[in-house]
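Here's the structure, in C-alpha cells; my notes come after.
The values are calculated or read from the model by the stated rules, or taken from the named source; none is laboratory data. All values reported here derive from a predicted model rather than from experimental measurement. Cβ sites come from the backbone with ideal geometry, for glycine too, and all protein chains shown count toward neighbours.
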2 protein chains.
Amino acid sequence: MATTILGHNYIGGQRSGQGNVTLPSLAAAGGDVYPVAFVQATEQEVNAAVDAAVQAYPAYRALSAEVRAQFLDAIADEIDALGDDFIAEVSRETALPAARLQGERGRTSNQMRLFAKVLRRGDFYGARIDTALPARQPLPRPDIRQYKIGVGPVAVFGASNFPLAFSVAGGDTAAALAAGCPVVFKAHSGHLVTSERVADAIARAVKRSGVPAGVFNMVYGSVGGQLVKAPGIQAVGFTGSLPGGRALCDMAAARPQPIPVFAEMSSINPIILLPQALEQRGEQIARELIGSVVVGCGQLCTNPGLVLGVRSPAFTQFVAQLQAAMATQAPQTMLNRGGLDSYSSGVQRLRQIAGVEVLAAGGESATQAVPHLFKADASVLFGKDSPLEDEVFGPATVVVELDSRDQLLDFARNMHGQLTATLQAQPDDLHAHQDLIALLEQKAGRLLVNGYPTGVEVCDAMVHGGPYPATSDARGTSVGTLAIERFLRPICYQNYPDALLPQALQNANPLGILRLVDTEQTRAAISA
Amino acid sequence: MATTILGHNYIGGQRSGQGNVTLPSLAAAGGDVYPVAFVQATEQEVNAAVDAAVQAYPAYRALSAEVRAQFLDAIADEIDALGDDFIAEVSRETALPAARLQGERGRTSNQMRLFAKVLRRGDFYGARIDTALPARQPLPRPDIRQYKIGVGPVAVFGASNFPLAFSVAGGDTAAALAAGCPVVFKAHSGHLVTSERVADAIARAVKRSGVPAGVFNMVYGSVGGQLVKAPGIQAVGFTGSLPGGRALCDMAAARPQPIPVFAEMSSINPIILLPQALEQRGEQIARELIGSVVVGCGQLCTNPGLVLGVRSPAFTQFVAQLQAAMATQAPQTMLNRGGLDSYSSGVQRLRQIAGVEVLAAGGESATQAVPHLFKADASVLFGKDSPLEDEVFGPATVVVELDSRDQLLDFARNMHGQLTATLQAQPDDLHAHQDLIALLEQKAGRLLVNGYPTGVEVCDAMVHGGPYPATSDARGTSVGTLAIERFLRPICYQNYPDALLPQALQNANPLGILRLVDTEQTRAAISA
C-alpha cells in the first residue's frame, strides 16, 4: 500500500506533470514544506483531463448501476485501507486531529457505500412509464417511458475543511460517479499529499473494477476557471467561499453553453433561543453551543455564527454562561495560513463595528485561531449590508439580544439564505412560534430543534443546501443521497421496442425497481 | 360568462392600467386592430405584481396539496367553460383553426387536472425519513425528515405558438401553481385578448377556491427584463426564441441573487431514416413527415427541421416522394406578422447558402407562409457554424443525403442539443444502430421510433427538454408532470416534534403517500 508521491496530475489513468509552476504542501502547523512539489496542470493537461472524462462518459454511463455500485464499493474499501501513516499525513497538512480524521475517513467511505446502495435501490432512475393507448380518442397515445441519465463530465472542486469527506473522494465526487458522470477533480492546495493519496486509492479501484480509466481525473493548481469553461464539462460541484463560488457561477453562466454550478458557499447558521428553553436549559445550551462553535476550530460550513434571543433575565444569564464557556476555550491551529489570516481579519472587522464588543476570547496566539464570543446591538443586526451576516470562517460567534419577538420575526424575514436555522425550544415555545418557523423554512435548507447544526448526517433525508448565498441553487443538496439528482437529467423514449429500452424501463422490470406506471407507483411487470 | 376586455394588468386580484404605453391586439390574418388597447405595466405595476406574489406565497404554500389541487381543478373547469366565442377570439388573434384550438383548450384544462392528480398522489413531496438511532456508536443519529416546498414566486413568459397550452394557464403556470408558487405572468403580445380572457378564468377560480388573490398576476408589455430582475422572483419559466431565452438567462445569472431560468428555446428535431424503414415504408414516411412539417403552419417547438439518410436508391426515391408531398401543400397564415417576417428571412437565409436548393414550395403568397422543402449537401450540414442547425420557425424542412453511416454518426456526435431525435427504423435497423442511439441519447430529451415529434403527449413520462440550446437546463422538462420539479426545493427537519412536522412527514403518514423511510420505499406509518 506504500504510495510514492509524484506530484503529477491524473489524466485518464496516466500521470502527467509537464508544467513549470509547482505548488508546495505545507504543514498546517509550522509551515514546513513537503519534499515533493505538485506540478500545476498546463492548459493542455487540463484539456486532456476533460477529454479523458468526455471519452470515458459513453462507456461509463452505459455500465449497469450494479457495476457502478461495485466501483463505489471498491473506492470505499481502498479508502478504508489507507493506514495510520495516511491519517498522520492528512493531520500534518490540515492540523486536524487524528481522531477527527479517522472519523472523517469512515464518513467518506460510508458515503461511497451509501451511493452504491442508492444505485442498487434504483429510485435514482426516476422510472416513469405511460403505456400506449392505441384506441384513445381523438388521438392514440404512444408508449412513453422516462428515466434519468448522468449529465456528462462533472468538474469538482475540493473543500479545504473536509480533506476527505468533501475533497477528492468526497460527497460531490461520489454523487457524480454514482450518476454515471466522469469527474475532473481540482485538488485543493491545502492538502495536496492527501489528495494524491486518495486519488491513488481511486485509481486502484478503477483498475480493480474495470471501469474506463477516464472516469476519474485530478489536476493541481489554479486551473479552476479553465476547467469550468472547458466545453466538455457539463456541471460543477464546489464547496468554498462566496466570492470563489460566485465567480465560478458567473463563468459557467457566460459559457456559449451555460452549465449548472452547485456551489455551497456561505452561511452563518443562526441559533435562536426561545424563552422556555432558556429558562429550563440555558446553562446546558450555552456549554453545548460553544462546543459547536469551536469544534474543528470552527471551520465548518454549519458553524453557528449568530445567536439570537429576546431580552429577558434568562437571556442575560445565558449570555453570561456563554461568556464563561468561551473563556475556557484555547487557541487551535487552522487548516492553513490563509485560513488564519482570513479569520483574523474577520474578527478584526467585527471588533471595529460600533455596537459590537468582545465578550470573551479563548486565550491569545499569533499562530493559532483564538476563539471569540462577540455581543452586538440589535441595531447592528439590522444595519446596512447586514454586517453580522458575513461569514467569519473560524471559531467565532456573535450573540444579539433582541428587543422583542417582533424583532425576531423581522430578522427571519430579512435574513440571507442559510444552510441551517436552529431553534432551542420547549414544546410550548414551538407552538408559540409557528410564524417564526414558517419564515425560517423560506430561508434555510435544514431546520433543527434542540440540536446544533455542526455534524451533518449523511443519509437519504439530509439537506445540505439552501437559498443563496448559502448555495448557488437551493434545489440541490451536497450531502445525502439526494445529491445525485444534481447530476442527472431526464430522457424519454417514445414507441421504443422493449428489448432496446434500458433495463429500468423494460416491461418485465428486470431490476425489480419501483416505477410510476400509468400513474401508479408499482414494482409490477407490464404485460406486453 | 360575458367578459369585458379592459386591457388592464392583474395585480393581486385587482386590475390596474396606469401606464401610457399601449399594445394593440391584431388579427393574425389581415391585421385588424381590436377596439380595446392593452396597457403596458408601469415599473410600479410590475413591482406591485411581484409584491402581490411575494405576499401570497406564505399563505399559498401553507395550503394543503388537496386545496391546491381543488384550485387547479377549478381553473380547469373555468377554462373548459370558455365558449365558442372565446375560441373565435383566439382564432382571430392567432389564425389557428377552431378545431386545433378546441383540442388545445382540452389539453390546457387536462394539464391542470393532471397536476391536481400529482398533488393528490403526493410523490412530488419527495418525502424521505431517517428515524433517530439514539444508541448508534460513536454518535447517535438524530431524526431527519425531508420534503419539497415551492421555491417562491415564479415569472412565466407565455409562448406565442400555444396561446392556451403554453400561455396564461399553460404548462409552466400549472407546474408553478401546483408546486405552491405564485405566478407573475407576462402576457404574450400576440394574443392579448386571449390572455385576458384566460386570466379572467383563473381569477374566477381564485375567488371560488379561496386561495390568496396574489397567487396569479399578469402584466402586459415589454416588461420581461424588469420581471426577471425583481428580487421577489425566484425562478423563471420561458418558451420562445434562443436569443430571447438566453437574454433572460443572462439577466437571471447576473442578479445579486441568481435564480434558475427554465427556457425552452430552439430545436431542429432531426428525423433519421434508416435503410430498411426506407425500403419498406418510404412513401408512407414521406407523406406523414410532410404532414408533421406543416401542421400548425410549422409553428411547433418539435417541428422536424432536418431529415437525414444515407445515400441509396431508396433514399433517392424517398426524397422524390417528399418533394411530391410538399408540392401539394398550401400557404398558411402564421401567428403574427413578426412570425412571418422571421420565417421569410429564415427561408431566404437557407436559399442563399451554397449547396442548398429548394426542392419544393407549397404555393406562393406574400401574406402567408409558404411551406418549403430544401435539399442540402452533406458539406453544408458539417459546415462552419452548422447553418442547418439554426431553427427556422415555420413550415420548412431540409433533407440531407449523407455519404455513409459514419457521417450519420459524425452528425449525431456533433449536433446541438435537441428536444427530440426521431428514428424511422425497422427492428433490424435499430439493432444495427445502437451506436447512433447512444449518441442521440446524449443530445436529446426525447427519442422516438417510427413516430413524429410534433404532438407532445402530456403525461408523467414526457420529457420536453434537452441539452442547450434546446433548453437552458437539460435537467428540466416543460411538458409533463416532472415539470413541477423545476419549482421545488428540498428542506429538512432535524429532531422536530411529530405534531409540528408537515403532514407528509408525520409518523402516522396521514396523507397515505409513498415515502423513503430508513432506506425503504413504504406507505407504512412509523411507530413513534
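Output the number of residues of the stretch B:227-245 satisfying the condition of being buried (at least 19 other Cβ atoms within 10 Å of the Cβ) and of a type outside the set (Gly, Ala, Ser). Of the residues in that region, 7 qualify. If you go through the stretch B:490-500 and keep only what is more than 30 Å from the chain's Cα centre (by Cα), among the aliphatic types (A, V, I, L, M) and at the interface with chain A (Cβ under 8 Å from one of its Cβ atoms), you end up with just B:Leu500. Within the stretch A:387-413, can you find the residues that are over 25 Å from the mean Cα position of the chain (by Cα) and surrounded by fewer than 19 Cβ atoms within 10 Å (Cβ to Cβ)? A:Asp403, A:Ser404, A:Arg405, A:Asp406, A:Gln407, A:Leu409, A:Asp410, A:Arg413, listed by residue number. Of all positions in the stretch B:381-388, none carries a residue that is over 23 Å from B:Gly309 (Cβ atoms) and touching a residue at least 24 places away in the same chain (Cβ under 8 Å).
Being more than 11 Å from every other protein chain (Cβ to nearest Cβ) and assigned to a strand (DSSP E or B) is the filter here, so list the residues in the stretch B:395-423 that pass it.
B:Ala396, B:Thr397, B:Val398, B:Val399, B:Val400, B:Glu401, B:Leu402, B:Gln418
When B:Tyr10, B:Tyr57 are checked against the criterion of being touching a residue at least 24 places away in the same chain (Cβ under 8 Å), among the hydroxyl-bearing types (Ser, Thr, Tyr) and touching a Pro at 6+ places or on another chain (Cβ under 7 Å), a single residue qualifies: B:Tyr57. Checking each residue in the stretch B:507-518 for being at the interface with another protein chain (Cβ under 9 Å from one of its Cβ atoms) and either modelled with pLDDT under 95 or more than 30 Å from A:Gln424 (Cα to Cα) (or both) picks out only B:Leu514.
Go through the stretch B:246-361 and tell me which strands (runs of 3 or more DSSP E), entirely inside it, have 2 or more residues that are closer than 30 Å to B:Gln234 by Cβ. First the steps, then the outcome.
On the way: elements: B:261-264, B:271-273, B:306-310, B:356-361.
In the stretch B:246-361, the matching strands (runs of 3 or more DSSP E) lie at B:261-264.
Residues in the stretch B:481-489: is at least one facing chain A (nearest Cβ under 7 Å) and among the aromatic types (Phe, Trp, Tyr)? Within the stretch B:481-489, none of the residues are facing chain A (nearest Cβ under 7 Å) and among the aromatic types (Phe, Trp, Tyr).
With the requirement that a residue be among the small types (Gly, Ala, Ser) and surrounded by fewer than 24 Cβ atoms within 10 Å (Cβ to Cβ), what does the stretch B:206-224 give you? Within the stretch B:206-224, B:Ser209, B:Gly210, B:Ala213, B:Gly221, B:Ser222, B:Gly224 meet the criteria. In the stretch A:15-31, the qualifying residues are those that are modelled with pLDDT of 95 or more and over 28 Å from the mean Cα position of the chain (by Cα), and the one that is surrounded by the fewest Cβ atoms within 10 Å (Cβ to Cβ) is A:Asn20.
In the set (1) surrounded by fewer than 21 Cβ atoms within 10 Å (Cβ to Cβ); (2) facing chain A (nearest Cβ under 9 Å); (3) modelled with pLDDT of 95 or more, the condition left unmet by B:Gly455 is number (3). Here is the figure for the stretch B:440-452: residues that are outside any loop (DSSP other than H, G, I, E, B), facing another protein chain (nearest Cβ under 8 Å) and more than 19 Å from the chain's Cα centre (by Cα) total 2.
Scanning the stretch B:451-478 for residues that are over 20 Å from A:Val517 (Cβ atoms) and acidic (Asp, Glu) gives a single hit, B:Asp473.
Listed here are the residues, each with its yes/no results for (1) closer than 30 Å to B:Gln442 by Cα; (2) within 14 Å of another protein chain (Cβ to nearest Cβ); (3) within 21 Å of the chain's Cα centre (by Cα); (4) outside any helix (DSSP H, G or I).
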residue: A:Tyr60; (1), (2), (3), (4): yes, yes, no, no
residue: A:Val67; (1), (2), (3), (4): yes, no, no, no
residue: A:Leu72; (1), (2), (3), (4): yes, no, yes, no
residue: A:Ile75; (1), (2), (3), (4): yes, no, yes, no
residue: A:Glu78; (1), (2), (3), (4): no, no, no, no
residue: A:Phe86; (1), (2), (3), (4): no, no, no, no
residue: A:Val90; (1), (2), (3), (4): no, no, yes, no
residue: A:Gln102; (1), (2), (3), (4): no, yes, yes, no
residue: A:Asn110; (1), (2), (3), (4): no, yes, yes, no
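The single condition among (1) touching a His at 6+ places or on another chain (Cβ under 6 Å); (2) on the phi > 0 side of the Ramachandran plot that B:Thr94 does not meet is (2).
If I filter the stretch B:221-240 for residues that are under 28 Å from B:Pro387 (Cβ atoms) and free of Cβ contacts under 8 Å to residues at least 12 places away in the same chain, do I get at least one hit?
Going through the stretch B:221-240, the residues under 28 Å from B:Pro387 (Cβ atoms) turn out to be B:238-240.
Now narrow it down to the ones that are free of Cβ contacts under 8 Å to residues at least 12 places away in the same chain: none.
No; the residues of the stretch B:221-240 include none that is under 28 Å from B:Pro387 (Cβ atoms) and free of Cβ contacts under 8 Å to residues at least 12 places away in the same chain.
The numbered conditions (1) facing chain A (nearest Cβ under 8 Å); (2) within 22 Å of B:Val151 (Cβ to Cβ); (3) in a loop (DSSP other than H, G, I, E, B) are all true for B:Pro469 except (2).
In the stretch A:123-143, of all residues being farther than 16 Å from B:Val456 by Cβ and of a type in the set (A, V, I, L, M), the one that is farthest from the other protein chains (Cβ to nearest Cβ) corresponds to A:Ala135. Here A:Leu335 fulfils each of the conditions (1) in contact with a strand residue (DSSP E or B) (Cβ under 9 Å, 6 or more places away or on another chain); (2) of a type outside the set (Ser, Thr, Tyr); (3) crowded, with 21+ Cβ neighbours inside 10 Å apart from (1). Taken as a whole, the condition of being acidic (Asp, Glu), within 12 Å of chain A (Cβ to nearest Cβ) and assigned to a helix (DSSP H, G or I) does not apply to B:Asp385.
The single condition among (1) crowded, with 23+ Cβ neighbours inside 10 Å; (2) assigned to a helix (DSSP H, G or I); (3) within 7 Å of chain B (Cβ to nearest Cβ) that A:Ala474 does not meet is (2). Would a scan of the stretch A:116-130 turn up a residue that is of a type in the set (Gly, Ala, Ser), under 30 Å from B:Arg100 (Cα atoms) and not in a strand (DSSP E or B)? Looking for residues that are of a type in the set (Gly, Ala, Ser), under 30 Å from B:Arg100 (Cα atoms) and not in a strand (DSSP E or B), one finds none in the stretch A:116-130, hence no.
Mind listing just one residue for me: the one in the stretch A:222-264 that is within 9 Å of another protein chain (Cβ to nearest Cβ) and among the polar types (S, T, N, Q) and, of those, nearest to A:Asn161 (Cα to Cα)? Here the residue is A:Gln234. Entry remark, the stretch A:32-42: residues being buried (at least 17 other Cβ atoms within 10 Å of the Cβ), assigned to a loop (DSSP other than H, G, I, E, B) and not aliphatic (A, V, I, L, M) number 3 in total.
Out of curiosity, is A:Leu114 within 23 Å of the chain's Cα centre (by Cα) and within 12 Å of chain B (Cβ to nearest Cβ)?
Against the criterion (within 23 Å of the chain's Cα centre (by Cα) and within 12 Å of chain B (Cβ to nearest Cβ)), A:Leu114 qualifies.
Please work out if B:Ala504 is on the phi < 0 side of the Ramachandran plot, in a helix (DSSP H, G or I) and at the interface with another protein chain (Cβ under 10 Å from one of its Cβ atoms). It is false that B:Ala504 is on the phi < 0 side of the Ramachandran plot, in a helix (DSSP H, G or I) and at the interface with another protein chain (Cβ under 10 Å from one of its Cβ atoms).
Being among the β-branched types (Val, Ile, Thr) and surrounded by fewer than 22 Cβ atoms within 10 Å (Cβ to Cβ) is true for just one of B:Ile75, B:Ile87, B:Ile79, B:Ile144. Which residue is that? Write out each step before concluding.
On the way: B:Ile75 fails: surrounded by fewer than 22 Cβ atoms within 10 Å (Cβ to Cβ); B:Ile79 fails: surrounded by fewer than 22 Cβ atoms within 10 Å (Cβ to Cβ); B:Ile144 fails: surrounded by fewer than 22 Cβ atoms within 10 Å (Cβ to Cβ).
The unique qualifying residue is B:Ile87.
Quick check, is A:Ile202 in a loop (DSSP other than H, G, I, E, B) and hydrophobic (A, V, I, L, M, F, W, C)? Taking the combined requirement at face value, the residue does not satisfy it.
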